[in-house]
Amino acid sequence: MIPVKILCGCGQKYAFDIEPVEGRMPAPVQCPVCGADGTAAADSIIAQALAVEGAAPGVARLRATPALAAVAPPAPAPPSPAAAARAAARPQQEWGPGGQGDTWKWWYYILAGVCIGGYDIWRTVETGRIKYLGGLFLAVFLVAIGVWDFQRKRKKRAGN
């Protein structure tokens with residue numbers, strides 16, 4: 001089995017394990033989001049994997065099994081007009097701060113800071129020991145991150 005990982009032109013990543021037939025994909029592959037053909041990309045990944053496997057010393061070579069039928073795989077269907085329109089209308093998603101991978105919202109930090117600070121103050125009042133006030137540094141830091149993130153996102157929206 002050869003692991004195949006493909007990055008489609010629409011930005012979708014998909015992966016699968018395949019047993020190649022005569023060094024190629026046994027069937028066509030399509031992107032699960034936009035339906036674009038990924039067979040050529042998969043064939044090139046398989047070719048690279050087989051080249052590395054063949055270059056490795058002391059590795060037993062596997063004999064290719066004959067194909068069940070000598071029929072050319074059918075041509076992949078072009079993406080439907082609706083799928084093409086959705087892919088074209090979808091804005092490019094960014095990774096990093098403010099992008100698709102930015103799952104923490106600014107108010108999460110502020111809420112966490114207020115909760116931690118409130119708990120530390122409550123424990124200090126209850127016990128009369130000031131050692132619990134050390135957590136206030138973390139609380140202030142979290143609130144500062146939340147305010148900074150809010151300002152950054154507000155400036156980004158104002159610039160667009």
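Worth a mention:
- All positions within segment 8-19 that are surrounded by 13 or more Cβ atoms within 10 Å (Cβ to Cβ) and over 17 Å from Leu50 (Cβ atoms): Cys8, Cys10, Gly11, Gln12, Tyr14
- Checked across segment 111-121, the condition of being loosely packed, with under 13 Cβ neighbours inside 10 Å, of a type in the set (Gly, Ala, Ser) and either modelled with pLDDT under 85 or not in a helix (DSSP H, G or I) (or both) holds for no residue.
- Candidates Ala40, Ala36, Ala15, filtered to the one that is small (Gly, Ala, Ser) and touching a residue at least 24 places away in the same chain (Cβ under 8 Å): Ala36
- Which numbered condition Pro26 fails, given (1) more than 26 Å from Pro81 (Cα to Cα); (2) open to solvent by less than 40 Å² (accessible area, probe 1.4 Å); (3) in a loop (DSSP other than H, G, I, E, B); (4) not hydroxyl-bearing (Ser, Thr, Tyr): (2)
The values are calculated or read from the model by the stated rules, or taken from the named source; none is laboratory data. Only a predicted model underlies this, so the values are computations on that prediction, with no experimental measurement involved. In this analysis, Cβ positions are derived from the backbone assuming ideal geometry, glycine residues included, and neighbour counts consider all displayed protein chains. These area figures cover heavy atoms from the full protein model, side chains too; ligands, DNA and RNA do not enter into them. Shrake-Rupley method; radii C 1.70, N 1.55, O 1.52, S 1.80 Å.
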